[in-house]
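Below you'll find the structure, written out as structure tokens, and then a few comments.
Every read-out reported here was derived from the displayed coordinates using simple, explicitly stated rules and does not represent laboratory data. Since the structure is predicted, the reported quantities are computational estimates derived from the model, not experimental observations. In this analysis, Cβ positions are derived from the backbone assuming ideal geometry, glycine residues included, and neighbour counts consider all displayed protein chains.
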């Protein structure tokens, strides 16, 4: 029988934003201290200090360790740090200089961020992540804890951040954007002691890492933090190495889009101790297989992962907090392709299937990452045919889906409609085909044209249709519309929700109708199935719902579904559209 350990006392005292720990030498206690991120040894006093945000981990690390506070004030603060605050509403005062009121769930979100100092603000799209961030920043400033806040945001929504900050504070934020001359002028303003709120885009750090670091922000906010989900990309590495501020807020309603590695990367920036190093995390939660056992094929221990994340994340869904917010009605419109379209689809499918079967025969482990990438690129051809044949053919130019879109728009003439497509060329085709007055938004537009397009749609009663690529999926408010049409569906459900979130958000007074246009008996049906499975993975890890099995999808799920029980097409299939079809003939060279 193991000998029971005697309790061991550690004295604790406040030391600014750190906690000072003093104790007689004990190996077990020393090891627990060394597990705390950010611990420091003071050789003069022969004591250890740990950051306040990590004190809880040490204090609860071993039941044999007892903490004795040096003063009543120390005890009050230390006891508060042991409370896992997930709902701590705050009341904003006139001194905070905040204009307006917060919803109760927003006040709780502010309290959570203030109590944690670092955290994941995972509110659903449209629930006011920027408002919560601004309110928390103001309180920290007025408490004397920070002097400057730096926000990284997608380039397309910087102007919205500037507007929101002015709206809720009456103050002016500095936006660091533009060419080198414009950015230099912005830095001159940002460096002024009177400047509190600075906003820039993620791409700026690739050019100006040193200049941004020189601002010395005590609070750093990553808006749409899924941008650092790729832990290997240079932007992610620079942000993690450059900004290790005391206060770190990661704002995203979609911290997990496709892979668990994305969530790990975000949490690693918030605090590396939350999920630990990648090599341990992947052992605990990632399932590998496929080619040489190196492809991610699944996930495991999701309840444990949820438990690790939940203490550092505040999560609210629209259904949780806004019972009076109009519901979203989702309708899937099944569209038949005509014979010519099906023949063209058959040509490209035959070419793709031949490549697919060849890779399958390479061995039981299947293809590697490079081959999967090639197949993913090839699948785009099939999706483009479903949208409009002219996207792949210079001869056959027709689209049953576009005809159906015209019919839907004509039936909804009295409502404002937003149409999303992933392909900029498709957006041009739709725009050219519409008689109704409409506005367009696409990635290559400059900021002024973008603002004018949105303003025209929102305020002009005659502008009934808003066409957008994925550039309008985030940071754009389109509550004037009550109908969203997904002309084609993206690969992951987070992007679908981001699209819907442009309409279904605070300020929406109507029921939102979402129409998914899906061509029958094509790859689009399989994409719809995959979206459901990826939503399932997100639901388990982020929302803690483990009611059934989760699946981390790969391209092979779509391929297997597309070709399951589908024999190789007959050799003469290609002849149907070979003549004059330059793109189809060129597929031979592509593969």
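Listing for the model above:
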item: Whole-Å semi-axes of the ellipsoid equivalent to region 378-432 (Cα gyration tensor, √5λ, descending); result: 23, 12, 9
item: Binned Cα-Cα distances of region 401-495, short to long, each 10 Å bin given as a whole percent; result: 15, 55, 29, 1
item: Mean shadow area of region 190-283, taken as a quarter of the surface of its Cα convex hull (nm²); result: 6.2
item: Quotient of C-alpha Rg and 2.2 N^0.38 Å, computed over region 8-81; result: 0.98
item: Region 240-276-region 443-457 distance, computed between alpha-carbon centres (Å); result: 31
item: Segment residue 25-residue 329, length gained on full extension (0.36 nm per residue, minus Cα span); result: 103.0 nm
item: Whole-Å semi-axes of region 95-222's equivalent ellipsoid (Cα gyration tensor); result: 24, 15, 14
item: Residue 8-residue 287 pseudo-label distance in nm [points 7 Å out on the Cα-to-Cβ vector]; result: 4.0
item: Cα-based Rg of region 277-340 normalised by 2.2 N^0.38 Å, two decimals; result: 1.91
item: FRET efficiency, residue 455 to residue 166 (Cβ-Cβ, R0 22 Å, nearest 0.05); result: 0.85
item: Where labels lie 7 Å past Cα in the beta-carbon direction, separation of residue 213 and residue 242 in nm; result: 0.9
item: Computed over region 92-150, Cα set: Rg, Dmax in Å; result: 11.0, 31
item: Relative exposure of 349, 207, 495, judged by other C-beta atoms within 10 Å (fewest first); result: 207, 495, 349
item: Stokes-Einstein diffusion coefficient of region 94-321, Kirkwood radius over Cα pairs, 20 °C, 1.002 mPa s, in µm²/s; result: 117
item: Spatial separation of Cα centroids for region 464-522 and region 213-239, in angstrom; result: 28
item: For 526, 264, order by how many other beta-carbon atoms lie within 10 Å, fewest first; result: 526, 264
item: Reciprocal of mean inverse Cα separation for region 209-249 (Kirkwood radius, Å); result: 10.7
